[in-house]
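Asker: Provided herewith is a single structure, encoded as structure tokens, for subsequent inquiry.
The values are calculated or read from the model by the stated rules, or taken from the named source; none is laboratory data. Here the structure is a predicted model, which means the values were calculated and not measured. Because the Cβ atoms are built from the backbone with ideal geometry, glycine has one as well, and the counts that use them run over all protein chains shown. Note: areas computed on protein heavy atoms with side chains; ligands, DNA, RNA excluded. Shrake-Rupley method; radii C 1.70, N 1.55, O 1.52, S 1.80 Å.
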Amino acid sequence: QVQLVESGGGLVQPGGSLRLSCAASGSIFSINAMGWYRQAPGKQRELVAAISRGGSTNEADSVKGRFTISRDNAKNTVYLQMNSLKPEDTALYYCKADLLPMGALQFRPWWGQGTQVTVSS
């Protein structure tokens, strides 16, 4: 059984920092791209940042210079360091991984359950 488990969300004041983690576990053969998405109330889910297996990254314009995505392939884990947080960053943050389970023939996307980030004074 493959699952992605996020952690690290919480309540933080504007200007503060949080670090999100997402660990993939179970019978996994390989993982390609991993990424973070977010969804605020009443809005569509949007890409925050993504990282390839080789470490190439891309970030949404709204978070460039403030958020950094990284991964540890040995631990099947992706991180999102969030600095200079703003109230508009408040959302449910989801982890996504394009992975190949053991015995499967194709990569497909898996999602975590989400972790809440609230930026408020």
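Asker: Taking all protein chains in place and a 1.4 Å probe, what share, in percent, of the accessible surface of the chain do carbon and sulfur account for?
Answerer: That share works out to 48 percent.
Asker: Using θ = phi - 60° and the Karplus form 6.51 cos²θ - 1.76 cosθ + 1.60, what ³J(HN,Hα) does each residue of segment 92-104 get, whole Hz, x for Gly and Pro?
Answerer: 8, 9, 10, 9, 9, 9, 8, 10, 10, x, 4, x, 7
Asker: When the chain is fully extended, how far beyond the present Cα-Cα distance does Leu100 get from Ala60, taking 0.36 nm per residue of separation?
Answerer: Computed gain between Leu100 and Ala60 is 11.8 nm.
Asker: Quick one: if the Förster radius is 30 Å, what FRET efficiency do Leu11 and Phe107 give, using the C-beta to C-beta distance and rounding to 0.05?
Answerer: Computed FRET efficiency for Leu11 and Phe107 comes out at 0.25.
Asker: Which whole-number percent is the relative contact order of the chain (Cα, under 8 Å, 6+ apart)?
Answerer: After rounding, I find 36 percent.
Asker: Moving on. Taking just the alpha carbons, could you work out the radius of gyration and Dmax for segment 60-121, both in angstroms?
Answerer: 14.5, 49
Asker: In nm, give the distance between the simple-model label positions of Leu47 and Gln1, each being 7 Å from the Cα along the Cα-to-Cβ direction.
Answerer: 3.1 nm
Asker: Lys75: accessible area at probe 1.4 Å, nearest 10 Å²?
Answerer: 130 Å²
Asker: Sum up the charges of everything whose Cβ sits under 13 Å from the Cβ of Glu6, counting Lys and Arg as +1 and Asp and Glu as -1, but leave Glu6 out.
Answerer: Spelling it out: positives minus negatives among the neighbours equals +3.
Asker: Restricting attention to the alpha-carbon atoms of the chain, what are Rg (one decimal) and Dmax (integer), both in Å?
Answerer: Both quantities, over Cα of the chain: 14.2, 49 Å.
Asker: Using R₀ = 25 Å, calculate the FRET efficiency as 1/(1 + (r/R₀)^6) where r is the Cβ-Cβ separation of Gln116 and Lys86; round to 0.05.
Answerer: With a Förster radius of 25 Å, E is 0.95.
Asker: Moving on to the next point. Out of the DSSP beta bridges found with both residues in the chain, what percent are antiparallel (nearest 5)?
Answerer: 95 percent
Asker: Skip the ligands, DNA and RNA, and give the accessible area per residue of the chain with a 1.4 Å probe, whole Å².
Answerer: Result: 53 Å² per residue.
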